[in-house]
Amino acid sequence: MTALIAKRLGAALIIVVALTAVMFLLQKLSPTDPVHAMLGPSASPAAILHEEHALGLDRPLPAQFLSYLNGLLHGQLGMSYRTRRPVSTDLGSFVPATAELSLYGLAFALILAVILAIGSTLRWPGATLFRVLLMAGAATPAFLLAIAGILLFYSKLGWLPATGRSDYANPPTGPTGLLTLDGLLHGEPAITFDAFKHLVLPALAVAVVPAVSIGRVLRSSLVAGMGSDYVRTARAKGLSEPAVVFRHVLRNCLTAALSMTGLQVGLMFSGVLVIEEVFAWPGVGEYMAQSIPAADFPAISGVTLLLGVGYVAVNTVVDILQAIADPRIQQS
Amino acid sequence: MAAAEPYTPSAAGAAPGSRARAGGRGRGRGLSIASASLLVIITLIAVFAPVLAPYSTIQPVGLPQLPPGSGGFLFGTDAIGRDVLSRVLIGWQSSWFAALAVIASGLVIGGIIGLVAGTLGGVADTILMRITDGFLALPAPVLAIAVVAALGPGFTHTLIAVGIVWWPFYARIVRGEIRTLRARPHVEAARLAGAGTLRIAMKHLLPGAIPAAVVTASLDVGNLVLTLAALSFLGLGQPQPAAELGADTARNLPYLLQEWWIPVIPGIAVMIMALASNVAGDGVRNLLGDR
């Protein structure tokens, strides 16, 4: 088990380094010259040379990459061309909102996936409806779902807010940055409830795409699992039906659903970027959306590195969880 | 990423439309052909979009913000009086051709890498598949955004960027098929008959891997439609005033609460395109896949 964890962590590290190399190369490919972007078009040649030297751009590429890596290790993501502040400082103020949205999105996705999988597998009149839902969900763009949600629950029914994270002018800023948690920690459940109301629509919009994919995988392995020999054996030796389902079938189905969950986190991140646009959610997607038209590559690469590292981390955890759920994986 | 719906014959029962697969003939087969032909219908609409579109997509042709059905505009007009139907049709064309272009590049790049890795085996296989796995281990849409940002926003750049991140899945599928085929008697016979590596790869291995790759592609195109629409929504597609489904939704969000049809109808068009391609993908899989 330790060997497996070490191997997975090593692989994750290699992929993260490869990702930083890709970002470094893209930066070099980018037509935007960092010196011009920082100093503006009317800078004197001497100032340009001085800035180039200060940024280390007159050194050979491998040396530049090493100092880039070194900077990353110390949390330096470069300076944003647009805000003129360190990207890491900028990100610090946007990450909590995205983290909260992603966490709720993932939680909603898992709950929805289980409901969709079981609802479409059981023999009951609603199964067809659930199968239709699975099919429609796989084809619905997240932004369409989001605006449909706004039209129904905000405009028509007035149940849920449509923009931002909170109605409070000065919500607590610490210690976790997650408003639903900070409200409780500060002893103000009203803030938590308000933040949750703001989260429902965006988190659901983020959740549907991964929920459908996870639900489909879970459904097919549930169907296959229930008909297998070990289920017949478990039933034959007198185990109760819940014991058969939860201790035998579900455990076997988890590995496939887990690996799909890991893969779906990547898709979910791109969903988060889109959904933040729709709901004016103050997260990294907003930051990215403002950085793209400004060709602010350091900012964009900062967001990409952040999401890429998050994705690799989630999948590494998933790999390890899989090995725990299914000991056969360790041997292969 | 492309892996949203991996092609695994054993998991085929997962898809709702797949009940028809019980028999590759009779009614099931007819249903599969009908589903698969949706691809043709989507393409025909795309090809003839300029003919079908009743008005210009760029010039205002009526009063602004007319609701659907009024003034002779089936889907109404947008904020400055352009015909929404015409814009949706032209947007349909660009979305569909973009998706096909990226799928084609994924098939070609992934196919070549999978073929080389699978045929040669050994060190070449290990290196190529490690690179492939590296790409698969990164979130493709996010990486695509970074590539576009580096190249500068623009439609061609978006296609290139998505093409760069969209091949690894195909490389894995093709390589897997090739490895299986390599052990088959007909390949062994060809080798004994003195056929060279290139001839074996092109004549005896590649044809056998094509069905799996085509099935994967047809199941994948719906995902790609959605991903490209999301990138367009984020402003990574064609610049104003070109008609594009994702961007037309994003730019018209301010009108959502009063003139809902302006942002909603392009989004519904994306959904219809993705739904039709998913159904068609199931049809193609039923016809070619389960062997």
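The values are calculated or read from the model by the stated rules, or taken from the named source; none is laboratory data. Just so it is clear, the structure is predicted and the values come from calculations on it, not from any experiment. Don't worry about glycine lacking a Cβ; one is built from the backbone with ideal geometry, like all the others, and counts go over all protein chains shown.
If you check A:257, A:243, A:203, which single one turns out to be modelled with pLDDT of 85 or more and part of a helix (DSSP H, G or I)? After applying the criteria, what remains is A:203. Taking the criterion of being among the polar types (S, T, N, Q), in contact (Cβ under 8 Å) with a residue 12 or more places away in the chain and part of a helix (DSSP H, G or I), would at least one residue in the range B:224-245 satisfy it? Yes: the range B:224-245 contains one or more residues that are among the polar types (S, T, N, Q), in contact (Cβ under 8 Å) with a residue 12 or more places away in the chain and part of a helix (DSSP H, G or I).
Considering every residue within the range B:264-275, establish whether at least one is in contact with a Leu (Cβ under 7 Å, 6 or more places away or on another chain), surrounded by 18 or more Cβ atoms within 10 Å (Cβ to Cβ) and at pLDDT below 90. Checked against the condition, which is being in contact with a Leu (Cβ under 7 Å, 6 or more places away or on another chain), surrounded by 18 or more Cβ atoms within 10 Å (Cβ to Cβ) and at pLDDT below 90, the range B:264-275 yields no hits at all. Can you find a residue that is on the phi < 0 side of the Ramachandran plot, buried (at least 18 other Cβ atoms within 10 Å of the Cβ) and under 21 Å from the mean Cα position of the chain (by Cα) anywhere in the range B:112-122? The answer is yes, given that some residue of the range B:112-122 is on the phi < 0 side of the Ramachandran plot, buried (at least 18 other Cβ atoms within 10 Å of the Cβ) and under 21 Å from the mean Cα position of the chain (by Cα). Check the range A:33-45 and report whether any residue there is surrounded by 14 or more Cβ atoms within 10 Å (Cβ to Cβ) and within 30 Å of residue A:205 (Cβ to Cβ). No, the range A:33-45 contains no residue that is surrounded by 14 or more Cβ atoms within 10 Å (Cβ to Cβ) and within 30 Å of residue A:205 (Cβ to Cβ). If you check B:287, B:253, B:275 for being within 14 Å of chain A (Cβ to nearest Cβ), touching a residue at least 40 places away in the same chain (Cβ under 8 Å) and of a type outside the set (D, E, K, R), only one passes: B:275.
Would you pick out the residues in the range B:180-218 that are under 26 Å from the mean Cα position of the chain (by Cα) and surrounded by 15 or more Cβ atoms within 10 Å (Cβ to Cβ)?
Selection gives B:205, B:206, B:208, B:209, B:211, B:212, B:213, B:214, B:215, B:216, B:217, B:218.
Selection of the range A:228-239 for residues being surrounded by 10 or more Cβ atoms within 10 Å (Cβ to Cβ) and either touching a residue at least 60 places away in the same chain (Cβ under 8 Å) or not in a helix (DSSP H, G or I) (or both) yields A:228, A:239.
Within the range B:169-210, the set of residues being charged (D, E, K, R) and assigned to a helix (DSSP H, G or I) comprises B:172, B:175, B:177, B:179, B:182, B:188, B:191, B:199, B:203. The number of residues in the range A:280-297 being facing another protein chain (nearest Cβ under 10 Å) and in a helix (DSSP H, G or I) comes to 5.
With respect to the conditions (1) buried (at least 22 other Cβ atoms within 10 Å of the Cβ); (2) more than 25 Å from residue A:250 (Cβ to Cβ), residue A:217 falls short on a single one, namely (2).
If you go through the range A:128-159 and keep only what is of a type in the set (S, T, N, Q) and not in a loop (DSSP other than H, G, I, E, B), you end up with A:128, A:155. Within the range A:143-197, the residues that satisfy the criterion of being touching a Ser or Thr at 6+ places or on another chain (Cβ under 8 Å), away from every other protein chain (no Cβ under 14 Å) and crowded, with 18+ Cβ neighbours inside 10 Å are A:179, A:180, A:182, A:183, A:191, A:192, A:194, A:195. When residues in the range B:257-285 are screened for being more than 18 Å from residue B:224 (Cβ to Cβ) and charged (D, E, K, R), 1 of them pass. The residue that is nearest to the chain's Cα centre (by Cα), among those in the range A:229-252 that are of a type in the set (Gly, Ala, Ser) and at negative phi, is A:243. Within the range A:261-287, being free of Cβ contacts under 8 Å to residues at least 60 places away in the same chain, over 30 Å from residue A:167 (Cβ atoms) and buried (at least 24 other Cβ atoms within 10 Å of the Cβ) holds for A:263, A:266, A:267. Anything in the range A:79-117 that is away from chain B (no Cβ under 14 Å), β-branched (Val, Ile, Thr) and more than 12 Å from the chain's Cα centre (by Cα)? List them, or say none. Selection gives A:83, A:89, A:111, A:114, A:115.
Would the range B:125-138 turn up any residue that is small (Gly, Ala, Ser) and under 21 Å from residue B:213 (Cα atoms)? Yes: the range B:125-138 contains one or more residues that are small (Gly, Ala, Ser) and under 21 Å from residue B:213 (Cα atoms).
Of everything in the range A:1-32 that is surrounded by 13 or more Cβ atoms within 10 Å (Cβ to Cβ) and in contact with a Gly (Cβ under 7 Å, 6 or more places away or on another chain), the residue that is farthest from residue A:314 (Cα to Cα) is A:18. Of all residues in the range A:111-150, exactly one satisfies the criterion of being aromatic (Phe, Trp, Tyr) and under 30 Å from residue B:258 (Cβ atoms), namely A:143.
Per the listing B:99, B:146, the residue uniquely in a helix (DSSP H, G or I), within 14 Å of chain A (Cβ to nearest Cβ) and free of Cβ contacts under 8 Å to residues at least 60 places away in the same chain is B:146. Note on the range B:61-111: among residues that are of a type in the set (Phe, Trp, Tyr) and within 30 Å of residue B:166 (Cα to Cα), the one that is surrounded by the fewest Cβ atoms within 10 Å (Cβ to Cβ) is B:97.
Just so you know, in the range B:222-242 the residues that are away from chain A (no Cβ under 11 Å) and surrounded by fewer than 24 Cβ atoms within 10 Å (Cβ to Cβ) include one that is nearest to the chain's Cα centre (by Cα), and it is B:238.
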